[in-house]
Amino acid sequence: MGAGGVSLPAPALPLYLVDASLYVFRAWHSMPADGFHDADGWPTNAVHGFARFLLDLLERERPRHIAIAFDEALDSCFRNALYPAYKANRDPAPVELKRQFAYCKALCAALGLPVLAHREYEADDLIGAALVAARRDGFRGVIVSADKDLSQLLETHDEQWDYARGQRWGAAGVKARHGVHAHQVADYLALCGDAVDNIPGVPGVGSKTAAVLLAHFGSLDALLERMDEVAFLRLRGAATVAVRLREHREQVLLYRQLSTIACDAPLLDAAPPFARAAAEAGTLAAFADAVGFGPMTRRRLETFAGDSAPAAARA
């Protein structure tokens, strides 16, 4: 009860949405391949690193509702059809890493965690679609990722969590981090570009200029409608920026399409409320044998399997 005996609404249940690929790649680059192999001699260093991260998260948060999103659209995303240069600056994932992605997905499934993956949509899109769907059931999102693109999804009760750095922020904290509000992130990336995804942006428009433009106009649409005003702004090189915007009007709209998370992505194998299921103890034991988990990780898996059945029943 609140002050004066007024009933307060119950806080929204958290739905944890994990950007798995980020943590698989991080483990792949940070853990030595020597000493981590499966029964066939293939490296499993990324699997070991990802398992440690995932078990840390599960033990710390005890989530009842969670979804793990993987990138399978590495070269088949709908964005590649719109813009063939999208992410073309990245080297293809080696076979050794692709095998480990499959292992990481299998680990999540054995732990009873809903897995999101699609050949035409990225993990960001699947996280966005899952969050939008879960909000209808009263959930709030906890997005476990450092990816700035995902900040565009944040609404009042959501938060993003850079797990490795121990930093968490909500929609109100996006401007302090990126210079623009959450709802402006896609417009911002369209204007100044995103080197990670090979999106060039408007020539001559850097991050500070993009932030100033969006602070003044509010959105890319308003900016393009009122381009006559740009040359008169108190902005360094304003006249040149105005010319560049006119020259690249169609391109910047395409860049925004590429930068916008597709929250209508299909969720094939999981659906709200993304409740944790019971872990499969036998499957986990066989998995640990296959990838060469050590005794400590095995004990953590056994403990989790023992604890997950009652938790799943409560969910």
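The values are calculated or read from the model by the stated rules, or taken from the named source; none is laboratory data. Just so it is clear, the model here is predicted, and its values are computed rather than measured. Heads up, the Cβs are rebuilt from the backbone with ideal geometry, glycines too, and the neighbour counts pull from every protein chain shown.
Of everything in the stretch 75-91 that is part of a loop (DSSP other than H, G, I, E, B) and touching a helix residue (DSSP H, G or I) at 6+ places or on another chain (Cβ under 9 Å), the residue that is nearest to residue 121 (Cα to Cα) is 77. Taking the stretch 229-245 as the range and being of a type in the set (S, T, N, Q) and either in contact with a His (Cβ under 7 Å, 6 or more places away or on another chain) or exposed (fewer than 14 other Cβ atoms within 10 Å of the Cβ) (or both) as the test, no residue passes. The helices (runs of 4 or more DSSP H) located wholly in the stretch 186-299 that include 3 or more residues which are of a type in the set (Val, Ile, Thr) and without any contact (Cβ under 8 Å) to a residue 40 or more places away in the chain occupy 238-247. Cβ-Cβ contacts under 8 Å between residues 6 or more apart (or on different chains), taken from a first residue in the stretch 56-81 that is at positive phi to a second residue that is assigned to a loop (DSSP other than H, G, I, E, B) and β-branched (Val, Ile, Thr), are absent.
For the stretch 209-226, a residue qualifies if it is surrounded by fewer than 16 Cβ atoms within 10 Å (Cβ to Cβ) and either of a type in the set (A, V, I, L, M, F, W, C) or touching a Gly at 6+ places or on another chain (Cβ under 7 Å) (or both), and the qualifying residues are 215, 222, 224. Selection within the stretch 74-93: residues that are touching a Leu at 6+ places or on another chain (Cβ under 8 Å) and of a type in the set (Ser, Thr, Tyr). The member of this set that is farthest from residue 257 (Cα to Cα) is 86. Scanning the stretch 152-179 for residues that are in a loop (DSSP other than H, G, I, E, B) and acidic (Asp, Glu), we see that the one that is surrounded by the fewest Cβ atoms within 10 Å (Cβ to Cβ) is 155.
For residue 18, the criteria (1) over 15 Å from residue 163 (Cα atoms); (2) at pLDDT 95 or above; (3) not in a helix (DSSP H, G or I) hold in every case but one, which is (1). If I go through the stretch 246-257 residue by residue, how many of them are within 16 Å of residue 184 (Cβ to Cβ) and either polar (S, T, N, Q) or surrounded by 15 or more Cβ atoms within 10 Å (Cβ to Cβ) (or both)? Final tally of qualifying residues: 4. When each of 162, 221, 228 is tested for being under 19 Å from the mean Cα position of the chain (by Cα) and charged (D, E, K, R), the lone residue that passes is 162. Residue-level analysis places residue 9 outside the set of residues that are more than 24 Å from residue 292 (Cβ to Cβ), modelled with pLDDT of 95 or more and not in a strand (DSSP E or B).
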